[in-house]
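Engineer: I'd like to ask some things about the structure below.
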Amino acid sequence: MLVKQLSVFMENRPGRLYKLTHALGKEGVDFVTLSIADTKDYGIVRFIARDNERAYEILKNEGFTVGITELIGVEVDDKPNALAEVVALMEEADMNIEYLYSFVLTNHNTAKILMRVEDTDRAVAMLRQKGIKLLSEKIL
Amino acid sequence: MFSPEIEQAKREDIRALQLARLQKIVAYAYERVPMYRQRFDAIGLRPEHIKTFKDFENVPYTTKDDLRDNYPFGLFAVPMKQIVRLHASSGTTGKPVVGGYTRKDLDNWSTCIARILTMAGATDEDIFHVAFGYGLFTGGFGLHYGVEKLGATVVPVSSGNTERQIMLLKDFGATALIATPSYAMYLAETAKKMGVLQDLKLRLVCMGAEASTAEMHAALQNILGAFPTENYGLTEVGGPGVSGECREKAGMHINEDMFYCEVVDIPHNKVLQEGEQGEMVITTLVKEGMPVLRYRTKDITSVTYEPCKCGRTTARMSRVVGRTDDMLIIRGVNVFPSQIESVLMAMPELGKTYEIIVDRVNYMDVLEVHVEVGDTNLLTDYSKLEALVEKIRHNLRVVLQLDVKVKLVEPFSIRRAEGKVKRVTDLRKK
């Protein structure tokens with residue numbers, strides 16, 4: 001019920017993001033999501049690839065520091081307040097969201113929300129109980 | 001043991017042999033090398049004045065500058081006809097230091113190496129992959145002929161082309177690796193990355209040319225499953241072969257019949273006692289081509305004369321903890337790069353290479369350490385990486401008593417040389 005995300009350590013200097021995206025691009029590995037926060041010296045590039053295992057192998061061979069993080073993915077209708085409802089459930093249950101990002105796939109009329117939380121199991125159980133549709137890696 | 005008659009001799013017999021050889025080499029150098037004669041004459045010292053070890057302390061030191069000033073052959077004690085080999089240091093900081101070897105010198109050198117390899121656990125059945133550079137550098141040929149003297153098989157790979165080296169390690173079934181510690185680490189990591197560790201038959205790693213740390217040894221043993229040892233030597237006194245670690249790894253056994261080692265407090269010009277830390281000063285006892293009297297190595301170590309559990313009675317020197325000229329003075333505090341290394345290598349969440357940068361910003365010394373993240377579990381969120389930086393800073397502060405700027409970097413962005421590594425960059429204006 002969890003979605004695997006790859007996390008790559010990256011120094012904040014020119015050419016690094018190109019090196020990563022090109023390493024995957026030239027092997028025909030497609031990104032589903034990608035997110036980077038801005039920090040001073042380094043960042044963590046977080047992404048989900050169409051073929052995560054292959055992306056992991058490629059980056060490891062290219063010498064990147066790459067780890068796998070498990071996220072909770074939920075699917076909501078692509079309409080106002082949908083995200084707020086999920087966040088509200090998390091707050092009610094006193095569960096802290098470390099980071100979150102969302103995306104919409106073309107030809108779907110739903111939005112996907114990916115969250116990293118401290119206690120994944122508890123959050124999954126809670127969301128399921130509340131009738132929220134959880135994503136698995138296959139649905140991506 | 002390769003030379004049990006020396007390696008297990010009684011202390012008093014070793015001392016007697018050393019004194020006799022000291023007297024002989026002093027007379028030999030005085031008669032044949034103008035620099036030594038001039039220096040002795042200038043202070044009224046004559047070879048026959050040297051009757052005890054204490055008397056020998058009156059002999060002036062020889063420094064790297066002396067060797068350079070006499071470039072290339074000014075310190076040779078025999079005519080060129082008797083010299084059968086030349087070696088030289090890289091000379092990156094000036095003129096190279098040249099060494100000349102007679103046939104006897106080469107034979108003694110090989111004996112020293114064969115002893116060191118034997119004490120590291122090697123036998124004539126081993127296959128040695130020699131990844132030291134072959135050429136003027138003393139490491140390659142020095143180890144090469146030592147391996148042959150031992151009767152083992154030598155694979156003279158030399159340096160460079162790491163992936164090919166790993167193929168050869170695998171295909172030739174080498175059981176022993178000879179490399180600098182940094183290159184051994186690099187080979188090990190590359191082999192791991194290539195997924196061929198299980199195909200390697202290495203059981204020994206004999207390292208030299210740079211100092212290593214206990215943490216590096218542990219890391220190598222862990223990755224390669226081979227037993228690492230360190231040995232010591234320097235071009236100025238002939239190359240590798242001065243001393244090496246036995247299986248006890250309780251210091252490096254000095255080839256005392258070939259080298260007389262003193263530990264000296266240079267600022268106070270005082271020869272130190274057993275166990276005291278100071279600069280290693282070496283006199284070659286049997287070198288014919290280029291004898292060297294009281295060479296200041298700038299390597300900081302200490303010596304013990306306790307018999308070793310391995311059965312050897314030869315003196316043991318500790319691993320070199322630093323060099324008098326590597327020592328960084330940061331805001332008045334003495335810092336050895338080896339101290340930083342041991343802090344970093346003791347943290348499993350870090351990668352195995354690092355870089356130290358010293359700069360002066362607004363008249364203040366700034367020490368910056370660049371290190372790789374090794375544990376990918378820390379990539380789940382920024383707070384873990386921030387906590388790691390804080391932990392490194394804390395651990396360094398405990399050891400160095402200094403605030404250090406820590407920067408996490410990507411793997412392999414740290415310069416890796418396939419030979420001696422320059423880990424410290426000092427950007428301060430001299």
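Engineer: Can you list residues from other chains, or at least 5 along the same chain, whose modelled amide H is less than 5 Å from the amide H of A:Lys133?
Structural biologist: So A:Lys133 has HN proximity to A:Glu75.
Engineer: Turning to a different aspect of this structure: Given R₀ = 22 Å, what would the calculated FRET efficiency be for A:Asp94 paired with A:Ser136, taking r from the Cβ atoms and rounding to 0.05?
Structural biologist: Details: r = 26 Å, r/R0 = 1.17.
Computed FRET efficiency for A:Asp94 and A:Ser136: 0.30.
Engineer: Next question. What length, rounded to one decimal in nm, is gained on full extension from B:Lys201 through to B:Val361, with 0.36 nm per residue of separation minus their alpha-carbon distance?
Structural biologist: Numbers: separation 160, 0.36 × 160 = 57.60 nm, distance 4.98 nm.
So the chain would gain 52.6 nm between B:Lys201 and B:Val361.
Engineer: Same structure again: Using 7 Å Cα-to-Cβ label points, what is the B:Asn334/B:Lys104 separation (nm, one decimal)?
Structural biologist: In this crude label model, B:Asn334 to B:Lys104 measures out at 4.0 nm.
Engineer: Right, here's the next one. Which loop trypsin sites (Lys or Arg not before Pro) in the range B:284-337, with loop taken from DSSP, have no more than 10 other Cβ atoms within 10 angstrom of their Cβ?
Structural biologist: B:Lys309
Engineer: Between rounded, prolate and oblate, where does the range B:86-191 land on the alpha carbon gyration tensor, with a ≥ b ≥ c its root eigenvalues, rounded for a/c under 1.5, else prolate if a/b exceeds b/c?
Structural biologist: Since a/c reaches 1.5 but b/c is at least a/b, the shape of the range B:86-191 is classed as oblate.
Engineer: Using the alpha-carbon centroid of each, what span in Å lies between the range B:133-150 and the range B:315-393?
Structural biologist: Each part reduced to its Cα centre gives a spacing of 33 Å.
Engineer: So what is the relative contact order for chain A, in percent, with contacts set as C-alpha pairs under 8 Å and at least six apart? Before the final figure, lay out each step's value.
Structural biologist: Numbers: 226 pairs, mean separation 39.7, N = 140.
In percent, rounded to a whole number, it is 28.
Engineer: Rounded to the nearest 0.05, what FRET efficiency is calculated for B:Arg247 and B:Met327 with R0 set to 35 Å and r the Cβ-Cβ distance?
Structural biologist: Calculated transfer efficiency: 0.65.
Engineer: Rounded to the nearest 20 debye, what is the charge dipole size of the range A:71-139 about its Cα centre when +1 sits on each Lys and Arg Cβ and -1 on each Asp and Glu Cβ? Provide the component values of the computation, followed by the final result.
Structural biologist: Working: 8 positive and 12 negative charges, 63 e Å.
The dipole of the range A:71-139 has a size of about 300 debye.
Engineer: Looking only at other chains, what is the average number of their beta-carbon atoms within 10 angstrom of each beta-carbon in A:33-44?
Structural biologist: Other-chain Cβ atoms within 10 Å of each residue's Cβ, averaged: 2.
Engineer: Indicate the gyration tensor shape class of the protein assembly as shown (rounded, prolate or oblate), computed on the Cα atoms with a ≥ b ≥ c the square roots of the eigenvalues: a/c under 1.5 is rounded; otherwise a/b larger than b/c is prolate and the rest oblate.
Structural biologist: On the way: a/c = 2.92, a/b = 2.35, b/c = 1.24.
In terms of gyration-tensor shape, prolate.
Engineer: Order by neighbour count: B:Tyr28, B:Tyr183, fewest other Cβ atoms within 10 Å first, most last. The partial results should precede the final answer.
Structural biologist: Working: B:Tyr28 20, B:Tyr183 27.
If I rank by nearby Cβ atoms, fewest first, I get B:Tyr28, B:Tyr183.
Engineer: Give me B:Lys407, A:Lys79 sorted ascending by neighbouring Cβ count inside 10 Å, so fewest comes first. It would help to have the intermediate numbers written out before the result.
Structural biologist: Details: B:Lys407 16, A:Lys79 10.
Final ranking by Cβ density, sparse to dense: A:Lys79, B:Lys407.
Engineer: Hey, another quick one. Treat the count of other C-beta atoms within 10 Å as a stand-in for reagent exposure and order B:Tyr30, B:Tyr363 from fewest to most.
Structural biologist: B:Tyr363, B:Tyr30
Engineer: Among B:Gly241, B:Gly160, B:Thr52, whose Cα projects farthest towards the positive end of the dipole of chain B, with charges put on the beta-carbon of Lys, Arg (+1) and Asp, Glu (-1)?
Structural biologist: B:Thr52
Engineer: With each pseudo-label sitting 7 Å past Cα toward Cβ, what's the B:Val84-B:Thr304 distance in nm, one decimal?
Structural biologist: 3.9 nm
Engineer: Using the Cα centre of the range B:1-151 as origin and beta-carbon charges of +1 (Lys, Arg) and -1 (Asp, Glu), tell me which of B:Val147, B:Leu75, B:Gly135 is placed farthest towards the positive end of the dipole.
Structural biologist: B:Leu75
Engineer: Name the shape class, rounded, prolate or oblate, that the alpha-carbon gyration tensor gives for the range B:102-147, where a ≥ b ≥ c are the square roots of its eigenvalues, rounded holds for a/c under 1.5, and otherwise prolate holds if a/b is larger than b/c and oblate otherwise.
Structural biologist: In terms of gyration-tensor shape, oblate.
Engineer: Let me ask something else. Using +1 at the Cβ of each Lys and Arg and -1 at the Cβ of each Asp and Glu in chain B, identify which of B:Asn377, B:Val196, B:Cys112 lies farthest towards the dipole's positive end.
Structural biologist: Ranked along the dipole, the leading option is B:Cys112.
Each value in this text was obtained by applying a stated rule to the coordinates, not by laboratory testing. None of the values given here were measured: they were computed from a predicted structure. Here Cβ is always computed from backbone atoms with ideal geometry, including for glycine, and neighbour counts include all displayed protein chains.
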